[in-house]
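Quick notes on the structure that follows.
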Amino acid sequence: MTAKRLHEGGRIDRDQPLGFTWDGMSFRGYAGDSLASALIANNQTVLGRSFKYHRPRGILSAGVEEPNAWVQLGSGGHEEPNVAATVAELYPGLEAHSPNCWPSLEFDLGAVNDRISSLLVPGFYYKTFMNPPKLWPRYERALRRMAGLGTLPGCADGETYDEQNEQTDVLIVGGGPAGIAAALAASRAGARVILAESDREFGGALLFDSAEIDGLPADHWIAQSLSELRANPRVRVLPRTTIFGYYDHNYLVGLERLTDHLPPDARSGKRQRLWQIRARQVITATGAHERPLVFADNDRPGIMLASAARAYLNRYAVAIGRRPVLFTNNDSAYTTALDLSRAGIGGLTIVDCREDPGDVSSKAIDAGIEVITGAVVAGTRGRKRISQVRVEDVPDAKGRASAATREIDCDCLLVSGGWSPVVHLFSQSGGKLHYDEAQACFIPGESPQAVSAAGAGNGNFSLASCLSDGYANGLSTAESCGYPATSEKPPVTSESHSALQLVPLWSVPSSQSGAKQFVDYFNDVTSSGIALAVREGYESVEHLKRYTTTGMGLEQGKTGNINALAALAAETGAHIPEVGTTTYRPPYTPVTFGALAASRTGDLYRPLRKTPIDSWHEQAGAVFENFGLWRRPQYYPRPDLDMTQTVDAEVGAVRNGIGMVDISTLGKIHLAGPDVAEFLNRLYPNRWDTLQPGRCRYGVMTREDGMVFDDGVVARLDANNYHMTTTTGGAAAVYHWMNDLLQNDWPELQVYMTSITTQWAAVAIAGPRSRAFIQQLSHDIDFSHQAFPFMSVAEGQVCGIPSRVFCVSFTGEDSFEVNVPARYGLALWERLLASGNGNSPVPFGLDAMDLLRMEKGHFIIGRDTDGTATLEDLGLQKLIKLDKPQFLGKRSLQLEEIRRSDRPQLVGLVSSTDRVLPEGGQLVEKFQAGQFQRPEGHVTSSGLSPTLRKPIALAMLNGGLRRIGESLEVYSLGQVYPVTVTSPHFYDPESLRLRQTA
Amino acid sequence: MLRIKCPFCGERDHSEFAYGGDATIQYPALDASADEWHDAVFLRENIRGVQFETWHHANGCRMWLIVERDTMTHEIKSVRPAHDGWAAALDSAEESA
């Protein structure tokens, strides 16, 4: 046993012991423990295997910067992969597992990778596993398994999530001394404040460093400050909340963990809440992360950041070892040594690379600690735990390792390479970073957004400067929001300002060949790996990052990045600020997808639009199909028929008798004003100034590039009023675009538009008997062929309901689209069904509609076209009126390229067999197995025509209009289908059924 | 996530708006060369700095706006209605207010 729980002290509750399991073994911790502190207290040293070399790894840190101890938590619907053990709060019954080792943590077959590591250099899988290419899928599977991190839970998430939007004057990120001081200042001035802290407790470093503030022990000062803040109704205090993203215009997003610290059976309500905060001012009081040092075998379990050892000692009452060695280049590690000594841990040795550390070293020596100055740890021993360090003199100026060596036995090595302010959010805001030479770290500079940094996050590492910096920031941000400063005094501490007195030590040269010096623990990136990448030309920091994957782990290089930059700088002979940093991107820490989705899952994933007639469809047992946001009946099942037979029967009713379909989803736009005709003339390629009141016309909108965009019918109701229909899916886009044209391009036109899609319900009555049927339902509209021919519109009563009726056709049969105010939609449908003396219309769905229109050769924009088809390609060149002075796309439609005769054109296909042709199948003249063939087109719509009793399809075929009658083949997924090219108009190509008298 | 100050509705989240595009496109005369038309229809500047762009307040007043935005900082320097008639109406409303 090396680590042990102390009998007193710390912030754990010894009256609340908690049982938990780690890889199936049962252990005990206390309320207040993190999973990491409880595991250390139970002497669990190896918590995982490293990503690439599968080296045993232990806990390095006590916070979100942890690169090693990522675990899998919980089971079933509460399982979560990739959680840092250092931030997971312990709860009774917690189940945790180590990832990335197979078959077990203790006996890891992948560890052989460490022996063959010369093959696993940066970019190894490009170099080693590329030949022969056909084996790559097998390599990839194996590599993925070896490199696997957490595993996906095998079932749906059993938790629910919340989200909240909030606005505030000042958002303060980080609840350490600087953040608390800032919140006190800003709130006292009267500003609205949000104070967010990742930890469950406020205080930051004060949770493990003793101090006195305003004459009170830090604990009391924190409690007093928090109660002042909580009592202020303009302040919102958010513990367990990580602000992980800083977006434009001071929009920040945070994750509040509401129940993660509770056993699953004790959780109630939402698990996590996503905060979306718009702040006028932001203060990042995000603290700093201690950096490890880079030396040979610096990754053995038992090697830990000095400040983390202090946190485990003082916050969690866990002594990390019995015989620690400390290795530092600055003063802060001495605090840890003194605290350990005070806790009764003897035999402490500090290895300090500085020749003369000054006061701190004499204090340590007075406390009985051995201090070796001008020395470095050049290597370590130990397999599952460090057992010995090799201490050498500081390398000479040429970087050569010295020969003078001393070996010291130990059970842990606590390292401090200096501190990196947490600049992630500041940098995400667009802020520039400055390099602070004295403290060897990047600190916030200027940002285009309203953000300032305070405390250690701003490079002010002493408590006194954190308090004064925080308070001053709080006052100035409040003032810039219009709240003048109050006369209250900032909090003060008796602790004197003390600098780190840091001497940069980026890398300790190794006298042992082959020993690895890790820069990025998570992704197993070593300094020799970085050197190799530089030799291969990856000298830009962004290239280096992607090639070596340094800083790309779950913890995003929080501890390792600056060491990687230093290694790159050393290799390229540049200074660190010249190398620069990679881009900091959200999220700062991993975020669950559940929180991002919040309540938008299942039925709430998106709104479901229902037509006014939907309740009838539902009662009739219709099978629904989602169409955009709408749901529409696909078909109406019949007890004695299967789906195909049912759809065929619905088609038959329309072809031979009468059918009806709910078309309420069609986009509808009312246009009014004296210039509508001119507007339509410019909008569509065909003519609109000749359209008379009472008549309709079909139009296809084209964009300025000449490609079709949407289609529909426009009816002229009277001199200045028009009713336009669009496709169901295109309604919003068309309306948006017409607004664009009227406001941006043609402001001189007097046209007023209103979207009336949901104001009108619409039912199409189609079939050879439809005209006679509708006539008997109306007393004030003359539906005779003479009075109401194809492409007419009339207003009057149908079934006693005020209606707007269009004689148009999508099915190829004589048909009438009856529009009524939405509230009468259901009544219209039911009255139509009740009419006809037993020969009432047969309701049909989208499947029947699709076959009907395909037989007729009507294309659907977006299905048969893909944004590269012109009217000419679709066989509708008669709709292009080049004699009009202007219309959208006019010039483009005259370009030579657009007029080429070998462009893909709409054709029909008839299958030579009885097999239905696959949509998306590729057209070739003659399929040749194993040969590359450029497809000449593809199938866009396909079905078995009930009317023609054979498989038909629409297709886009290069030069198709000239190829009618050719025999081709359709290839899809290993199958070949012989076809004949035909006109797309399979049924009634002359449209006689729409023109002759019934 | 930008905030755009709609002249009709006030400051709103950009989720209420739909981006249009370059507000400065001028189409050439119909008899201009194919190259000129190609450039006008297809080529767009990718400006680093201040640009004028159109935005539609699609989930608001449905007015099209001309927004002057710095693409580097997202600073919005001005917003005005695209339609001159509406701009003039706003101006006179402000004067009489």
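The values are calculated or read from the model by the stated rules, or taken from the named source; none is laboratory data. Note that the structure is a prediction, hence the values are computed from the model and not measured. So basically every Cβ, Gly included, is an ideal-geometry build from the backbone, and we count neighbours across all protein chains shown. Only protein heavy atoms, including side chains, enter the accessible area calculation; ligands, DNA and RNA are left aside. Shrake-Rupley method; radii C 1.70, N 1.55, O 1.52, S 1.80 Å.
Compared with the alpha-carbon gap, the fully stretched path from A:SER480 to A:SER387 is longer by 27.9 nm at 0.36 nm per residue.
Of the residues in segment A:741-760, those shielded by at least 20 Å² of accessible area once partner protein chains are present, compared with the chain alone at a 1.4 Å probe, are A:GLN743, A:ASN744, A:PRO747.
Please list, in order, the residues from segment A:1-39 whose amide nitrogen is less than 17 Å from a point placed 7 Å along the Cα→Cβ vector of A:ASP265. Correct set: A:18-21. The solvent-accessible area of A:ASP640, taken with every protein chain present and a 1.4 Å probe, is close to 120 Å². By DSSP, the beta bridges lying fully in the protein assembly as shown are antiparallel in about 75 percent of cases.
For chain B, what does the accessible surface come to per residue with a 1.4 Å probe? Please give it in Å².
Per-residue value: 59 Å².
For chain A, the solvent-accessible area works out to 41 Å² per residue, with a probe of 1.4 Å and every protein chain left in place. Solvent-accessible area of B:THR24, all protein chains in place: 80 Å² (probe radius 1.4 Å, heavy atoms, ligands and nucleic acids excluded). Expressed to the nearest 5 percent, the antiparallel share of DSSP beta bridges inside segment A:303-450 is 50 percent. Accessible area per residue (1.4 Å probe, heavy atoms of protein chains only) ranks A:HIS575, A:HIS938, A:HIS54 as A:HIS575, A:HIS938, A:HIS54, with the largest value leading. In order along segment A:200-213, the Karplus-derived 3J(HN,Hα) couplings, from 6.51 cos²θ - 1.76 cosθ + 1.60 at θ = phi - 60°, round to 6, 10, 7, x, x, 5, 5, 6, 9, 10, 6, 6, 10, 10 Hz, and Gly and Pro are given as x.
The interface between chain A and chain B buries about 2200 Å² of solvent-accessible area in total (1.4 Å probe, ligands and nucleic acids excluded).
Modelled spin labels at A:HIS785 and A:SER227, positioned 7 Å past Cα toward Cβ, are 9.4 nm from each other.
Backbone N atoms of segment A:322-365 closer than 13 Å to the 7 Å Cα→Cβ label point of A:ARG406 belong to residues A:326, A:348-353. Between A:GLN776 and A:VAL910, the simple label model (points 7 Å from Cα in the Cβ direction) yields a spacing of 3.8 nm. Here the Karplus relation 6.51 cos²θ - 1.76 cosθ + 1.60, evaluated at θ = phi - 60°, turns the backbone of segment A:627-644 into coupling constants of 9, x, 7, 7, 10, 9, x, 7, 6, 10, x, 10, x, 9, 10, 7, 4, 5 Hz, with x for every Gly and Pro. Remark: accessible surface ordering of A:HIS78, A:HIS543 (largest first) is A:HIS543, A:HIS78, probe radius 1.4 Å. Working from Cα pairs under 8 Å separated by at least six residues, relative contact order for segment A:679-768 is 17 percent. For segment B:83-97, the Karplus equation 6.51 cos²θ - 1.76 cosθ + 1.60, evaluated at θ = phi - 60°, returns couplings of 7, 4, x, 5, 4, 5, 5, 5, 4, 5, 5, 5, 5, 6, 6 Hz by residue, with Gly and Pro reported as x.
Using a ≥ b ≥ c from the Cα gyration tensor of chain A (square roots of the eigenvalues), is it rounded, prolate or oblate, where a/c under 1.5 gives rounded and otherwise the larger of a/b and b/c decides, a/b for prolate? In terms of gyration-tensor shape, prolate.
At a threshold of 20 Å², the residues of segment B:25-59 that become less accessible to a 1.4 Å probe in the full protein assembly than in their chain on its own are B:TYR27, B:LEU30, B:ALA34, B:TRP37, B:VAL41, B:PHE42, B:HIS56. Accessible surface comparison of A:ASP902, A:ASP662, probe 1.4 Å, protein chains only, largest first: the order is A:ASP902, A:ASP662. Overall shape: prolate for segment A:587-631, with the ratio a/c of the largest to smallest alpha carbon gyration tensor axis at 1.5 or above and a/b above b/c. Rounded to the nearest 0.05, the FRET efficiency derived from the C-beta distance between A:ASN82 and A:THR373 at R0 = 30 Å is 0.15. When the Cα gyration tensor is reduced to axis lengths a ≥ b ≥ c, the ratio a/c is 1.5 or higher for segment A:347-393, and with a/b not above b/c it is classed as oblate. The helix-only estimate of mean residue ellipticity at 222 nm for chain A, built from DSSP H runs of length n ≥ 4 each weighted as -39500 (n - 2.57), is -6000 deg cm²/dmol after division by the residue total.
One chain, two ends: A:THR21 and A:ASP359. Fully extended at 0.36 nm per residue, the span grows by 117.1 nm beyond their Cα-Cα distance.
Please report the carbon-and-sulfur percent of the accessible area for chain A; probe 1.4 Å, protein heavy atoms only, DNA, RNA and ligands left out. Carbon and sulfur together cover 51 percent of it.
The heavy atoms of A:GLU407 offer some 100 square angstrom of accessible surface to a 1.4 angstrom probe.
Fully extending the segment from A:ARG28 to A:ALA732, taken as 0.36 nm per residue of separation minus the present Cα-Cα distance, adds 247.4 nm.
Contact residues in segment A:228-274 by the 20 Å² criterion (accessible area, 1.4 Å probe, full protein complex versus chain alone): A:ASP248, A:HIS249, A:TYR251. Shielding of peptide A:541-551 by partners, expressed as the average count of other chain Cβ atoms within 10 Å per residue Cβ, is 0.
Count Lys and Arg as plus one, Asp and Glu as minus one, and take only other residues whose Cβ is under 12 Å from that of A:VAL793; the net charge is then +1. Comparing Cα centroids, segment A:553-606 and segment A:861-926 end up 47 angstrom apart. FRET efficiency for the A:ARG323 to A:SER540 pair, using the beta carbon distance and R₀ = 45 Å, is estimated at 0.55. Taking every residue in A:440-450 and counting other chain Cβ atoms within 10 Å of its Cβ, the average works out to 1. Based on C-alpha pairs under 8 angstrom that are at least 6 apart in sequence, segment A:858-958 has a relative contact order of 30 percent.
Would you be so kind as to identify which of A:VAL294, A:ILE277, A:ALA311 lies farthest towards the positive end of the dipole of segment A:268-311, taking Lys and Arg as +1 and Asp and Glu as -1 on Cβ and the Cα centre as origin? Selected residue: A:ILE277.
Atom-type composition of the exposed protein surface of segment B:30-97 places 49 percent of the accessible area on carbon and sulfur (1.4 angstrom probe).
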